[in-house]
Structures are given as C-alpha cells and as structure tokens.
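The values are calculated or read from the model by the stated rules, or taken from the named source; none is laboratory data. Fair warning: this is a prediction, and the values are worked out from it, not measured in the lab. Glycine gets a Cβ as well: all are built from the backbone with ideal geometry, and neighbour counts include every protein chain shown.
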Amino acid sequence: MTQTLHRIYFKSAARMAEAPSGRIDLIVTSPPYPMIEMWDEILAGQGGGIRGALATGKGFAAFEAMHRVLDAVWDEAYRALKPGGFACINIGDATRTIGGEFALYPNHARILSKMVQIGFTPLPEILWRKQTNAPNKFMGSGMLPAGAYVTLEHEFILILRKGGKREFSTPDEKAGRRRGAFFWEERNQWFSDVWMDLKGVTQTLFDAKTRQRSGAFPFELPYRLINMYSTVGDLVLDPFAGIGTTMLAAMAAARNSVGYELDPGVQAQILAGVDQLAPFANERINRRLAGHVRFIAEREPPKGGYKHVNAHYGFPVITSQEKELLLNALESVRHNGKDTIEAVHSDRPQTDFETTGGKTGSRPPMDRKTVGRKTVDGKTVDGKTVGGKLGRPKNAEKPAEVQLSLPD
Ligand SMILES: C[S@@+](CC[C@H](N)C(=O)[O-])C[C@H]1O[C@@H](n2cnc3c(N)ncnc32)[C@H](O)[C@@H]1O
C-alpha cells in the first residue's frame, strides 16, 4: 500500500511560504491567460495599471502589466523547485482588438523569456492542437485579401528544467524510477511535439460547462505530464490550481501534490472531483494496461520472441526499462471537507484490467499464453516457463514504501 497526501492553499501563489525551497519535484500548471477577457478581472485585482491600460486602449501596456502578476509566481516556482525538477506550463496566446487595433499577444513567448531570465533551461515544447469547430472562427476580412487573420487553434506546453538532469542515486530512487516507467508505445505518443489526440483520450471528470468556466485543462494533459516528468511518490505543485485537475491527476498517478488557488469559490468543485476520482482514475489506469496488451497482441513479434517480460504483470514489454513498471490502482481517496486529501494506492498488480467504458471494446487477453512469447513463438520467456494467470511472480521486488512529507 502506498499513501499520498494532497493539500490546497486558497491564497496567491505569488508567495508560497508553505512550499520550502527546493522541495517540489515537478510543476504542472496553466495560469490565467493575459489578454483573454475572462481573466481580466482576476489579473487586474493583483497588479497595478491593468484596468487603466485596457480602458485607454494601450493593449501592450496591459499585456505587460498582466505578465508582471504572473512573473511573481514564476519566481516563486523556481525557488520551490528541486534542482533537476521540471516545470510544464500550458499557455495559449491571445488575439484581441484594443483601441481599434487587432493584435496577437504572444503569452507563450513572454513567459518563456521570463523563465529563461530567472534561470530555467528551456527544453523542446509541445504544441497542443485544439480542435475548434466554431462556424465563425475566421477573423478579419473574410474572403478578401489582405486583412484576414489565421485562427489560433493551438496552445503551448512549455517545458523547462531547473538546472541539469535530475540525479537518481540511491537504490530507492532508482527502484522508484523503474517502477514509474511508462510503456514504449506511450513514449512514442507522449513525447511527440504535437499533441492532437487529447480530446477523446479520456472521458472528462467535470462537465464541459464547469471546465470551460474555470479554464480547466483536460485530465489527460496533466496526467501525461506527471507520468513523463516525475516518479511515484514525488511532490507535484500547481500554483494556479483552478478546479484541481493537476492535483487529481497526481492522485491518479500516485504522486503527492500541493496546489495554490486564489479563488476559494472553487473549493466545492475540487472536492467534488476528489469524490468522483477513484473509478475514473482506475478506468484510465486499466486502459493503459489493456492498451499495452492489445498493442503487443496486434504487433508482429520480433524474431526469436520478446526478450523482456514485466515482472508484475507477466506480459511482454519492448524494452528492459519497462520490466518493473507498475501502475498503482487508486484504492481510496478521502478529504477533510476543506483542503487536505489523502489517497491510498494499491501496490498489487491488477489481475483484471477490463475497462468499464470508452472505446476499448471487449476484455483484453489476460493470460500470458495469449500474449506472451510462448504462444507467439512457442518458446519460453527469459528462461522461465510462461503460462498461467497473470499476477506478481514470487520473486518480484516489493515496491519501495513512499515517504510522505508534505509542507504543512
Ligand atoms: C487557467 S486557470 C487554471 C485551471 C486549472 N489548470 C484546472 O484544470 O482547473 C487559472 C487559475 O489561476 C487562478 N489564479 C489567478 N491568479 C492566481 C494567483 N496569484 N495565485 C493562485 N491562483 C491564481 C485563477 O483563479 C484560476 O482559477
């Protein structure tokens, strides 16, 4: 059994006194987008000059003043992050007509340059391609040249690191890293620099209206990033928590989390998300396992059969790095009705990962005979006889207990 803790602070992240310096392993966040009207008020309430600049038609002065509000949070984020820790920032640019002039306000570029100035190392970023089906999405002069504007159909996920590569030096750290591995085929999809497939990957935890009103990103976005850039038991921070999507994804991925949110009015939504989380998270986890089994079953096996078998599930994997991968099922999540959430994660490998919804179809093959090397090529796997129901082999390494120490 692994336990994780999650704490939300309803205050500004411009001062995160509860997060000691160098304690956070990963930041996944999405700030209010400067120059997008829905965020004008919350930004104007935190920084001087915003209302005046907007009222007098000074678009770029307002843009700069809004970013200065965010800058204070980025400074704090850098302080709180561990050396080697990643920061992933989802941000979209804005287009707006101010004082009669239509312009692009390049939020991603402004944030990126601030992050580099603070000391972050920028890494290749992700373009999140959003499908917009709005019939009137064309802006400007219609069919007449030369005054029409291209529509913004993408957002960015900026990826930055504090300093050089993270060290995994102790045996526990190394074991945690191997256990937190992702599948080879997931790597191929997740590490593409254009994400076009977020819609439809997961059912949503909140209804579309709630997500739209709160500017929430889809669950899959932080869930992927957390799996890509942290290990089990790490501490994930979202300084602009909103309705808590990053924290919920951290719970699903057996990481600890801390969130800051200026608006206490979203508390009920965050807790409602927590109450609904366990079946939702387990469905996503099971879909990853079922997807892998299907991937192996549909793939032409290598000559001589698969060399590597996962120690917990008994299915073949493509690389030796996936041999200890374990996806902890979420056993329970409890909150105190206010700001603290405890999650319990199972360390026992799932033996049945039939999915409960979505497009996965029928139950995946669950027997090594079906997917393992034995039936594929009629031989044995890693010198062991294969066959029988899946489950943790007797000699499988017990996952390390995760130490909890969240800031109070
Ligand atoms: C784009 S939303 C984040 C949505 C979030 N990713 C989700 O999925 O729910 C930005 C959030 O930042 C909050 N916010 C604005 N300024 C803040 C500050 N200084 N500190 C903490 N939260 C802030 C807003 O209230 C808003 O909920």
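Scanning segment 202-233 for residues that are touching a residue at least 12 places away in the same chain (Cβ under 8 Å) and over 13 Å from the mean Cα position of the chain (by Cα) returns Gln203, Thr204, Leu205, Phe206, Thr210, Arg211, Ser214, Gly215, Val232, Gly233.
Scanning segment 140-164 for residues being out of contact with any strand residue (DSSP E or B) (no Cβ under 6 Å at 6 or more places or on another chain) and charged (D, E, K, R) gives a total of 1. If the condition is being in a loop (DSSP other than H, G, I, E, B) and aromatic (Phe, Trp, Tyr), then segment 17-41 contributes only Tyr33.
Restricting attention to segment 181-198 and to residues that are within 14 Å of the chain's Cα centre (by Cα) and in contact (Cβ under 8 Å) with a residue 40 or more places away in the chain, the residue that is surrounded by the fewest Cβ atoms within 10 Å (Cβ to Cβ) turns out to be Leu198.
In summary, Ala241 fulfils each of the numbered conditions (1) within 11 Å of the ligand (Cβ to nearest atom); (2) surrounded by fewer than 24 Cβ atoms within 10 Å (Cβ to Cβ) with the single exception of condition (2). Is there a residue being more than 9 Å from the ligand (Cβ to nearest atom) and modelled with pLDDT of 95 or more anywhere in segment 195-217? Checked against the condition, which is being more than 9 Å from the ligand (Cβ to nearest atom) and modelled with pLDDT of 95 or more, segment 195-217 yields at least one hit.
Exactly one residue out of Tyr33, Tyr105 is closer than 26 Å to Glu153 by Cβ, within 13 Å of the ligand (Cβ to nearest atom) and aromatic (Phe, Trp, Tyr): that is Tyr33.
Among residues of segment 38-55 that are within 14 Å of the ligand (Cβ to nearest atom), those with a beta-carbon under 6 Å from a residue that is at pLDDT 95 or above and outside any helix (DSSP H, G or I) at least six positions away or on a different chain give the pairs Trp39/Pro32; Trp39/Tyr33; Ile42/Pro32; Leu43/Pro32. Checked against (1) surrounded by fewer than 20 Cβ atoms within 10 Å (Cβ to Cβ); (2) under 21 Å from the mean Cα position of the chain (by Cα); (3) within 16 Å of the ligand (Cβ to nearest atom); (4) modelled with pLDDT of 95 or more, Lys130 meets all criteria but (4).
Candidates in segment 290-321 are the residues that are assigned to a loop (DSSP other than H, G, I, E, B) and free of Cβ contacts under 8 Å to residues at least 12 places away in the same chain; of these, the one that is nearest to the chain's Cα centre (by Cα) is Arg299. Only residues that are near the ligand (Cβ under 10 Å from one of its atoms), touching a Gly at 6+ places or on another chain (Cβ under 9 Å) and either over 21 Å from Leu70 (Cβ atoms) or small (Gly, Ala, Ser) (or both) were counted in segment 244-284, giving 6. Residue count for segment 6-54, restricted to those that are among the small types (Gly, Ala, Ser) and within 18 Å of Ala94 (Cα to Cα): 3.
For the criterion of being within 11 Å of the ligand (Cβ to nearest atom) and at pLDDT 95 or above, Thr97 fails. Scanning for something out of contact with any Phe, Trp or Tyr (no Cβ under 9 Å at 6 or more places or on another chain) and of a type in the set (Gly, Ala, Ser), does segment 209-216 turn up at least one residue? So far as segment 209-216 goes, no, none of its residues is out of contact with any Phe, Trp or Tyr (no Cβ under 9 Å at 6 or more places or on another chain) and of a type in the set (Gly, Ala, Ser). If we keep just the residues of segment 10-25 that are crowded, with 20+ Cβ neighbours inside 10 Å and farther than 30 Å from Leu104 by Cα, which is nearest to the ligand (Cβ to nearest atom)? By that ranking, first place goes to Met16.
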